[in-house]
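Okay, structure first, notes after.
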C-alpha cells in the first residue's frame, strides 16, 4: 500500500510535475499549462499531503512554507498566542531580513527577528488578513512588494483572520438570537486555516465552491485548502499592482457627521457621545437588518432588541462593540478622519476582540486602548515590536 501512497507532488519551472511515492519511486509528467507558478517568481512548488505542508521556493533564493488545514480541525490553535499585526508592523518584519539598515534601531531588528523565529517555529500565530492582501497588492514598488509578500506568507504560515464582515454578521445573528431566546449558532473560528476564510464568502453561499470534475471526494478539502493558498500567493505576487477600493463615500459621510458634532460647542461630551452612538446605529442598520432576517427574527423581536440594546455594549458581538467604541471615541475627540481609517478600525477592532495581542500604529492603538479599557478586554496592545516581543517572552517563559 505504501508503494502507491503519494508522499509529495512537486511542480518545477522546467515544466515537470513530479510525484514521489511511499517506496521512494519518483515519476514525472508534463505540468498542466495553467500551473503558471513561474509568473509568480517561483522555481519549485511542493505539496506534502501527509505533512500537510505547501512549500514555495522562489527564483530569488527565498521561500516560505504554508500549513494546509484539515476539515477535521480547520483551526488547531493548541493554546498558542495569536498576534494580529497591522500592515506597518509587517513592513518592519520585512525590512528585518530584506533591508535591516532601514530599521530604526538594533533593538527593533532583534525584536523582528525574534518574532519571525517564534512564528516559523510554530510557537505563535501571525494571521494574515484580506487587508494585508489588499494593501500589499496595491504597492507599486515591485521589489519591496515581493519582499513584503514573502514575509507575510512565511510569517503567517497559512493562518488567516476570517473576514471581519463575516465575523460581524455572525456576531449580530448570535446577539439577535440571544435576545429572542432562540437556538444559537456557533461563532465561526476567527483565526483559522480554513480555505478562503480571509475573504468575504458569505455573499457567495458560505464556503461552497464548485469542484473540478475527477477530484476524489477524499481530496476535495485538500484541493480547496491548496487552491486558497495559491490564490493568496497570486494576489500578493501579482506583477501588476491591485487597485484599492474607493472609500470616499464612507469618508464623506463620516466626516460630515464629525464636522457637525465638532460644531456643537454647547453640547456636553456625554451628549456628543450619545449622538455618536446614534450615528453608529444608523451606520450599521443594513448589517443589522440582514442579520435579523438571517436569524429569523420577527419585526416585534427586532424592535424589542433595538430598544433595549442600541446604546449598550453587545457581549455577543465583541468585534462590533470594539469598532463602535473606537469610532465614537474618535468622533467625540474631534480627530481628523482619513480614507484608511475604516480599514484600520474594522480589522484591528475585530482582531482586538479575539486575538491575544495586536500591534499597530499609534493613533489606532490609542483608540483601541480606550475601547478595550471600557469593555474590560485584557488584550495586549502594542505600537512597536519590542513591546510585543517582551510581552510574548514573559508569557511563553
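For the range 1-18, give me the residue count where each residue is at pLDDT 90 or above and within 13 Å of residue 50 (Cβ to Cβ).
3
For residues that are out of contact with any helix residue (DSSP H, G or I) (no Cβ under 7 Å at 6 or more places or on another chain) and at pLDDT below 90, scanning just the range 136-173, find the one that is surrounded by the most Cβ atoms within 10 Å (Cβ to Cβ).
For the range 136-173, the residue satisfying everything is 144.
Of the conditions (1) over 29 Å from residue 356 (Cα atoms); (2) surrounded by 15 or more Cβ atoms within 10 Å (Cβ to Cβ), residue 61 clears all except one; give me its number.
Residue 61 satisfies every listed condition except (2).
Please go through the range 30-40 and give me each residue that is more than 11 Å from residue 12 (Cα to Cα) and either part of a strand (DSSP E or B) or in contact with a helix residue (DSSP H, G or I) (Cβ under 6 Å, 6 or more places away or on another chain) (or both), ordered by number.
40
Could you list, in sequence order, the residues of the range 92-140 that are within 23 Å of the chain's Cα centre (by Cα) and outside any helix (DSSP H, G or I)?
Of everything in the range 92-140, those that are within 23 Å of the chain's Cα centre (by Cα) and outside any helix (DSSP H, G or I) turn out to be 121, 122, 123, 124, 125, 126, 127, 128, 129, 138, 139, 140.
Where in the range 206-285 are there helices (runs of 4 or more DSSP H), lying wholly inside it, with at least 1 residues that are surrounded by 13 or more Cβ atoms within 10 Å (Cβ to Cβ) and at pLDDT below 80? Can you show your working first?
Values: elements: 220-237, 248-263, 269-283.
Output list reads 220-237.
The values are calculated or read from the model by the stated rules, or taken from the named source; none is laboratory data. Only a predicted model underlies this, so the values are computations on that prediction, with no experimental measurement involved. Positions of Cβ are generated from backbone atoms using ideal geometry, with glycine treated the same way; all protein chains shown enter the neighbour counts.
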